[in-house]
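The values are calculated or read from the model by the stated rules, or taken from the named source; none is laboratory data. Note that this is a predicted model, so its numbers are computed, not measured. Methodologically, a virtual Cβ is constructed for each residue, glycine included, from the backbone with ideal geometry; neighbour enumeration extends over all protein chains shown. These accessible areas exclude ligands, DNA and RNA; they are computed on the full protein's heavy atoms, side chains included. Shrake-Rupley method; radii C 1.70, N 1.55, O 1.52, S 1.80 Å.
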Amino acid sequence: MSRHLRPGRLIAATHNAGKVRELKDLFEPLGYDVVSAAELDLEEPEETETTFTGNAILKARAAATATGCPALADDSGLAVDALNGQPGIYSARWAGEPRDFGKAMEKVETERAKADPTNRRAKFVCALAVVWPDGHSEVFEGEVHGDLV
């Protein structure tokens, strides 16, 4: 049975300042007090799941359990057809540390061209999870399909 999120405190289970800013802009006008995991000194859980949805739930569950408040988390990435869905859940880390989007995209293009120079099909996948302190979760996943250029 689905559950609706009610205005009040909402934990943004992220340490990404830009993402927190966006969530505050979206949710605060609706009556939510958005507080980030970083502001609460919550540790980032290791993303050990094998799907975007699994990792989003894992992060939201950790924050909801630690705070006793509903928590929202996402996981997203690029899935390239010629690379059998890679980099997928490893998109942010694919080029190593420090995370460098340009370097990661260069690697995607190099690997894609080696695997199948004519196949540019890919999709961006995003999973969003809301988890309540009692463990109930709601998950939403979307995909945007296109071609790499």
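Which one is nearest to SER91 (Cα to Cα) among residues in region 38-64 that are of a type in the set (A, V, I, L, M) and touching a residue at least 60 places away in the same chain (Cβ under 8 Å)? Going through the qualifying residues, I end up with ALA56.
Looking across ASP75, ASP41, ASP81, one residue alone is within 21 Å of ALA12 (Cβ to Cβ), out of contact with any Ser or Thr (no Cβ under 8 Å at 6 or more places or on another chain) and of a type in the set (D, E, K, R). It is ASP41. For region 43-66, a tally of residues being in a helix (DSSP H, G or I), open to solvent by 30 Å² or more (accessible area, probe 1.4 Å) and touching a Leu at 6+ places or on another chain (Cβ under 8 Å) returns 2.
Inspect region 67-79 for any residue being open to solvent by 50 Å² or more (accessible area, probe 1.4 Å) and closer than 24 Å to GLU22 by Cβ and give the result as yes or no. No. TYR32 meets the conditions (1) open to solvent by 40 Å² or more (accessible area, probe 1.4 Å); (2) more than 30 Å from THR110 (Cβ to Cβ); (3) more than 17 Å from the chain's Cα centre (by Cα) in every case but one. The failed one is (1).
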